[in-house]
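Take a look at the structure set out below.
The values are calculated or read from the model by the stated rules, or taken from the named source; none is laboratory data. Here the structure is a predicted model, which means the values were calculated and not measured. Note that each Cβ is placed from the backbone with ideal geometry, even for glycine, and that neighbours are counted across all protein chains shown.
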Amino acid sequence: MHKEGACLRLGSIEQDPNPNISTLQISKLLNAIGLKTQDMDVLIDFATVASMRDVTRCVPSAIKMLVWANTNGPWRSVTIASGAFPPSISDLSLGVVTSLRRYDANLFSLVVAAGPVIQPDYGDYAINNPFLQPPAPRGPKPNLRYTSGLAWQVLREDTLLPGNQSFCTVCAKMVHSIHWAGRQYSAGDMEIERCSRQVGGAGTATQWLEWGASHHMAHVIDRLTNLGEP
């Protein structure tokens, strides 16, 4: 109705994308919604890839899905998406940086390295898990999820200062770490640097995620632009 096309998501939280989708199924779908393939963005979604075993399992399927997309297109865009951030960080140690591997980036790079028939775009769930978590009974301890290279650097602090002020401690540690990308790197980095100087408010748990996601997106775009990988 908005005349901007649509997104065709293949795969879900419950199951991997299926390369055996028939041309007839797609034709029926397009006829029903009155669109052509050129109006559609295809999202090949593998949801959670939590280990290299998951990555190894998904690579052949992703390549088959790109063959399917090539056969049934042309599409407006084709994206390989997955997420690797854990569902919870509450078990991570306090006061130290914990490195978590970005298996979603590994999956995409291995698919591209295989020379698929279509060069896909990259998609991920940023610093969140694909599974929507139930509301927490209480707010999380001050924490920052900071993307660096092919890992997330997660720093948690105990709530030692009033309110959310311990988040300023988190930010100060990150700003003085080897992972810090600089104040101008993203809008999120500007907020993190501000908090590290204890200027203004320390934000809320929702804003901590917002600032970390802002940095993550800038980081991924930077790597795709300069390295050709996320």
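Being among the aromatic types (Phe, Trp, Tyr), touching a residue at least 12 places away in the same chain (Cβ under 8 Å), touching a Gly at 6+ places or on another chain (Cβ under 6 Å) and buried (at least 20 other Cβ atoms within 10 Å of the Cβ), is that true of even one residue in the stretch 211-218?
Quick first cut of the stretch 211-218, residues among the aromatic types (Phe, Trp, Tyr) only: 211.
Within this subset, residues satisfying the condition of being touching a residue at least 12 places away in the same chain (Cβ under 8 Å) are 211.
Remaining after also requiring touching a Gly at 6+ places or on another chain (Cβ under 6 Å): 211.
Those left that are additionally buried (at least 20 other Cβ atoms within 10 Å of the Cβ): 211.
There is at least one residue in the stretch 211-218 that is among the aromatic types (Phe, Trp, Tyr), touching a residue at least 12 places away in the same chain (Cβ under 8 Å), touching a Gly at 6+ places or on another chain (Cβ under 6 Å) and buried (at least 20 other Cβ atoms within 10 Å of the Cβ).
Can you name the residue in the stretch 206-230 that is hydrophobic (A, V, I, L, M, F, W, C) and in contact with a helix residue (DSSP H, G or I) (Cβ under 9 Å, 6 or more places away or on another chain) and, of all such residues, is nearest to Ala151 (Cα to Cα)?
Within the stretch 206-230, the first condition is being hydrophobic (A, V, I, L, M, F, W, C), and the residues that meet it are 208-209, 211, 213, 217-218, 220-221, 224, 227.
Now narrow it down to the ones that are in contact with a helix residue (DSSP H, G or I) (Cβ under 9 Å, 6 or more places away or on another chain): 208, 211, 213, 217-218, 220.
On the way: Trp208: 18, Trp211: 17, Ala213: 14, Met217: 14, Ala218: 14, Val220: 11 Å.
It comes out as Val220.
Scan Val42, Val67, Val55, Val59 and give me the residue that is in a strand (DSSP E or B) and either surrounded by fewer than 16 Cβ atoms within 10 Å (Cβ to Cβ) or not charged (D, E, K, R) (or both). Reasoning before the result, please.
Details: Val67 fails: in a strand (DSSP E or B); Val55 fails: in a strand (DSSP E or B); Val59 fails: in a strand (DSSP E or B).
From the options Val42, Val67, Val55, Val59, the qualifying one is Val42.
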_Quick test of your reading of the structure: Tyr146 fulfils all but one of (1) within 20 Å of Val199 (Cβ to Cβ); (2) of a type outside the set (A, V, I, L, M, F, W, C); (3) not in a strand (DSSP E or B). Name the failing condition by number._
(3)
*Count, please, the residues in the stretch 110-130 that happen to be in a strand (DSSP E or B) and either out of contact with any helix residue (DSSP H, G or I) (no Cβ under 7 Å at 6 or more places or on another chain) or without any contact (Cβ under 8 Å) to a residue 12 or more places away in the chain (or both).*
2
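Looking at Ile13, Ile21, which is the one that is assigned by TED's automatic domain parsing to the domain that holds Ile118, under 15 Å from Ile80 (Cα atoms), in contact with a Phe, Trp or Tyr (Cβ under 7 Å, 6 or more places away or on another chain) and among the aliphatic types (A, V, I, L, M)? Before you say what the answer is, go through the steps one by one.
On the way: Ile21 fails: under 15 Å from Ile80 (Cα atoms).
Result of the check over Ile13, Ile21: Ile13.
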*Limited to the stretch 4-50, what total is found for residues that are out of contact with any helix residue (DSSP H, G or I) (no Cβ under 8 Å at 6 or more places or on another chain), of a type in the set (Val, Ile, Thr) and closer than 19 Å to Tyr122 by Cα?*
1
*asked:* Given the condition touching an Asp or Glu at 6+ places or on another chain (Cβ under 9 Å), in a loop (DSSP other than H, G, I, E, B) and not assigned by TED's automatic domain parsing to the domain that holds Ile127, answer yes or no: does some residue in the stretch 170-181 qualify?
replied: yes
*Looking at this structure, is Ala47 at positive phi and not in a helix (DSSP H, G or I)?*
yes
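Which residues, counting only those in the stretch 131-157, are touching a helix residue (DSSP H, G or I) at 6+ places or on another chain (Cβ under 6 Å) and not hydroxyl-bearing (Ser, Thr, Tyr)?
Correct list: Gly139, Pro140, Pro142, Leu144, Arg145, Leu150, Leu155, Glu157.
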*Which of the residues belonging to the stretch 24-39 are surrounded by fewer than 16 Cβ atoms within 10 Å (Cβ to Cβ), within 17 Å of Val78 (Cα to Cα) and of a type in the set (S, T, N, Q)?*
Gln38
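Confirm whether Ala187 is closer than 20 Å to Leu161 by Cβ, out of contact with any Lys or Arg (no Cβ under 7 Å at 6 or more places or on another chain), surrounded by fewer than 16 Cβ atoms within 10 Å (Cβ to Cβ) and in the same structural domain as Arg145 (by TED's automatic domain parsing).
Numbers: closer than 20 Å to Leu161 by Cβ: no; out of contact with any Lys or Arg (no Cβ under 7 Å at 6 or more places or on another chain): yes; surrounded by fewer than 16 Cβ atoms within 10 Å (Cβ to Cβ): yes; in the same structural domain as Arg145 (by TED's automatic domain parsing): yes.
Here the answer is no, as Ala187 does not meet what is asked.
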